[in-house]
Every structure is written in structure tokens, then in C-alpha cells.
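**Q** Next up is a structure, given as C-alpha cells.
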Amino acid sequence: MEINGKRVVLTGAAGGMGRILAGELVAGGATLAMVDANAEALHKVAEELKGTHAVAGDLSTAEGCKVAAEECLQQLGGIDLLINLAGINSFAAYEDEDPNKIELIMRVNLLAPMWLTRALLPSMLEQNCGRIVNVGSIFGSIGFAYFSVYSASKFGLRGFSEALRRELADTAVDVTYIAPRAVKTPINSDTVMKMNEATKTNMDAPEVVVKKIVEAINNNRKDIYFGFPEALFVRINAILPRLVDKALVAQNRIARTFAKKQ
Ligand SMILES: NC(=O)c1ccc[n+]([C@@H]2O[C@H](COP(=O)([O-])OP(=O)(O)OC[C@H]3O[C@@H](n4cnc5c(N)ncnc54)[C@H](OP(=O)(O)O)[C@@H]3O)[C@@H](O)[C@H]2O)c1
């Protein structure tokens, strides 16, 4: 889908990748409604990007998503592209996870994209044009120790994206699933950054990832997995998961020391 001239709803627009993506979309000629829970940061982004609409709101409830979707539709006068980017993370041993945090991660990372899609898909179908972009993660294809809740939420998002894409195959609405590897943004706590260094985990700059997201949209990609060897491991994990179990043993031991000393 050519971004130029499109009406775009972008969630997580005040975040590390979101604010850069918002700038790229505006530079590419899109009209933008930006949603984020961080109202102060969102309004700063909107001030910098003239002509954009800031819709501050909490997407962790069905009602919050409905209200945000309605406001975006009203501000834009319709929608061509929904980019579900907002997300949260947790790095912890599963026995230490707070049940409320487990629920919140599933709400923000999985249910919010589903609720927003439910609210905005009808107008895309009606106008015979649209694209839904769900930003998942490499963790949505490879379950990582100490990121079990986050992994579960992104596995769910990948499954939703695949099923919906197949369901919409005979329509003019398409679905793109995007899976970045680790990116240097605030979603990763200091502990995660240090753990990534210790395990020699590749981390991309957000600018690089955002450029690839824009390319994926412009090129109508069905799905895309960023980075080598991560994208290859996704394939290997799908056919030979026991091999990946073994390959991750040493990394898991290091990760545990960081997860437990938090
Ligand atoms: N960075 C990575 O390593 C990485 C790798 C692969 C995939 N991803 C995915 O990329 C996406 C963007 O991540 P990022 O790195 O840009 O993270 P980020 O810098 O933390 O930005 C996420 C944004 O989403 C907002 N948000 C959180 N909960 C929300 C809610 N309930 N309602 C509305 N907005 C909410 C955050 O607001 P607050 O600041 O108020 O929380 C923040 O502005 C996420 O889906 C993430 O899972 C990231």
C-alpha cells in the first residue's frame, strides 16, 4: 500500500519506535491519528508533526479501544491503514510474574489490536481498501525464557494476523505481521539491555527498524521477520524446536541470573 495520501491510525505513537514511525509516515504523505497512553509525550510528538491528530487513551480495555477508534475515525474522516504498534513487556521468572501484569500484557499486546481491528475493519471493508499492520516480535515465533508472557502475547498476535489475513483473502483488506528482533527503545529495561549485552543479543536502532516497517507496508508484505540469524531461527524453530531448545540452554542460564536479581 502506497502510504502517500492514506489515513493512518498508529498506536504507540509516543514510544521509541512510534515517534520515529509517525515522522516517516507524515514525511511519506500520510494523514495521521496517533494513539498512546502517554498523553504528555504524545502531545509533544503531535506538536512536532503539524497536521497530525493526537488521541490520548488507554488501549488496555475494550471500551478504551472503542473510544479511541471512534475518535480516530472522526478526526480522519475514515481509515486506510491501522498500525498496531503499542506494546509492553515483562522480563521475569514466570514464578515471579504478577497476575495483574500478565493480564495487562495480554490486553495491550494482543486484545487491543484485536479490539481496534474489530472497530475499524468494517469501514475498510465498506470502502474496499485497507491494511492492518500488527507489530509482533521474533518472540512471537520463538518462545524465550523469562519473557514467557510477552512471548505468549506475540504468538497470539501472529496467530490472529494469519487467521484474519486468510479470512480477508477475497476482500480488498490485507494484513501484515511484522516481527522485529530486539530494538534499542525504552520498552527494554536497563536489566534487559545488560542481559542482551551479556548474551550478545543483536539490537537494532529504532530508525533502521522503522524504515523496514515502512518498506513492508509500501511493498504489501504479508509478514516479515527482521535480522539474521533471528529470521532463520524462526524457520528452524518451526521444524526443529528441540534443536533450538538445546541452542538456547547457555543463553537461558545467563538470562536467569538477570531475571532473578531484579
Ligand atoms: N523494542 C524492542 O526490542 C522490540 C522488539 C520487537 C518488537 N517490539 C514491539 O514494537 C512495538 C513498539 O515498541 P517500542 O520498542 O517502541 O516500545 P516503547 O518505546 O515502550 O513504546 C510503546 C508505546 O506504547 C504505549 N503504550 C503502552 N501501553 C499502552 C496502553 N495501554 N494504551 C496505549 N498506549 C500504550 C507506551 O506508553 P507508555 O510509555 O505510557 O507505556 C509507549 O509510548 C511493541 O509492540 C513491541 O512489542 C519491540
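**Q** Output yes when any residue across segment 220-236 is at pLDDT 95 or above, more than 21 Å from the chain's Cα centre (by Cα), assigned to a helix (DSSP H, G or I) and surrounded by 13 or more Cβ atoms within 10 Å (Cβ to Cβ), and no when none is.
**A** Within segment 220-236, one or more residues are at pLDDT 95 or above, more than 21 Å from the chain's Cα centre (by Cα), assigned to a helix (DSSP H, G or I) and surrounded by 13 or more Cβ atoms within 10 Å (Cβ to Cβ).
**Q** Follow-up. Among (1) surrounded by fewer than 23 Cβ atoms within 10 Å (Cβ to Cβ); (2) under 30 Å from M193 (Cβ atoms), there is one condition V35 misses while meeting the rest; what is its number?
**A** (1)
**Q** Looking only at segment 174-189, which residues are in contact with a helix residue (DSSP H, G or I) (Cβ under 7 Å, 6 or more places away or on another chain), over 30 Å from S123 (Cβ atoms) and either modelled with pLDDT under 95 or more than 6 Å from the ligand (Cβ to nearest atom) (or both)?
**A** Selection gives R181, K184.
**Q** Conditions first: (1) in a strand (DSSP E or B); (2) near the ligand (Cβ under 8 Å from one of its atoms). G16 passes all but one, so which condition is the exception?
**A** (1)
**Q** Taking the options I88, I132, name whichever one is under 21 Å from the mean Cα position of the chain (by Cα) and either within 22 Å of E2 (Cα to Cα) or free of Cβ contacts under 8 Å to residues at least 12 places away in the same chain (or both). Walk me through how you get there before you give the answer.
**A** Values: I88 fails: either within 22 Å of E2 (Cα to Cα) or free of Cβ contacts under 8 Å to residues at least 12 places away in the same chain (or both).
Sole residue among the options that is under 21 Å from the mean Cα position of the chain (by Cα) and either within 22 Å of E2 (Cα to Cα) or free of Cβ contacts under 8 Å to residues at least 12 places away in the same chain (or both): I132.
**Q** Could you give every pair whose Cβ atoms fall below 8 Å, whose first residue belongs to segment 9-28 and is free of Cβ contacts under 8 Å to residues at least 12 places away in the same chain and at positive phi, and whose second residue is near the ligand (Cβ under 8 Å from one of its atoms) and in a helix (DSSP H, G or I), counting only separations of at least 6 or pairs across chains?
**A** Once the first residue is free of Cβ contacts under 8 Å to residues at least 12 places away in the same chain and at positive phi and sits in segment 9-28, no partner that is near the ligand (Cβ under 8 Å from one of its atoms) and in a helix (DSSP H, G or I) comes close enough.
**Q** Could you please give the count of residues in segment 116-143 that are within 11 Å of the ligand (Cβ to nearest atom) and of a type outside the set (V, I, T)?
**A** Going through segment 116-143 one residue at a time, the tally reaches 6.
**Q** Under 25 Å from D204 (Cα atoms), of a type in the set (A, V, I, L, M) and surrounded by fewer than 19 Cβ atoms within 10 Å (Cβ to Cβ): which single residue out of A86, A27 fits that description?
**A** A27
**Q** Name every residue in segment 140-157 that is buried (at least 22 other Cβ atoms within 10 Å of the Cβ) and under 23 Å from V214 (Cα atoms), in order of residue number.
**A** If the condition is that a residue be buried (at least 22 other Cβ atoms within 10 Å of the Cβ) and under 23 Å from V214 (Cα atoms), then G140, S141, K154, L157 are the ones that fit.
**Q** What number goes with the only condition from (1) in contact (Cβ under 8 Å) with a residue 40 or more places away in the chain; (2) within 24 Å of A259 (Cβ to Cβ); (3) of a type in the set (S, T, N, Q) that N202 does not pass?
**A** Condition (1) is where N202 drops out.
**Q** I would also like to ask the following. Being under 19 Å from L85 (Cβ atoms), among the charged types (D, E, K, R) and away from the ligand (no atom under 13 Å from the Cβ) narrows it down to one residue among E162, E207, E197; which is it?
**A** On the way: E207 fails: away from the ligand (no atom under 13 Å from the Cβ); E197 fails: under 19 Å from L85 (Cβ atoms).
Answer to the check: E162.
**Q** Every residue in segment 50-61 that is within 15 Å of the ligand (Cβ to nearest atom) and either of a type in the set (G, A, S) or more than 24 Å from L121 (Cα to Cα) (or both), please.
**A** Result: A54, A56, G57, S60.
**Q** Turning to a different aspect of this structure: When you scan segment 124-138, how many residues do you find that are surrounded by fewer than 23 Cβ atoms within 10 Å (Cβ to Cβ) and within 29 Å of L243 (Cβ to Cβ)?
**A** So the answer is 1.
**Q** Now for a different question. Filter segment 62-102 down to the residues that are of a type outside the set (F, W, Y), closer than 25 Å to N252 by Cβ and either more than 15 Å from the ligand (Cβ to nearest atom) or not in a loop (DSSP other than H, G, I, E, B) (or both) and list them by number.
**A** A92, A93, E95, D96, E97, D98, P99, K101, I102, listed by residue number.
**Q** So how many residues does segment 108-146 have that are more than 30 Å from A255 (Cβ to Cβ) and of a type outside the set (A, V, I, L, M)?
**A** 11
**Q** Further question on the same structure: Across segment 169-199, what is the total count of residues that are of a type outside the set (S, T, N, Q), surrounded by fewer than 18 Cβ atoms within 10 Å (Cβ to Cβ) and touching a residue at least 60 places away in the same chain (Cβ under 8 Å)?
**A** Number satisfying all stated conditions: 5.
The values are calculated or read from the model by the stated rules, or taken from the named source; none is laboratory data. A quick note: this is a predicted structure, and the numbers were derived from the prediction, not measured. With ideal geometry, Cβ positions are generated from the backbone for all residues, glycine too; neighbour counts draw on all protein chains shown.
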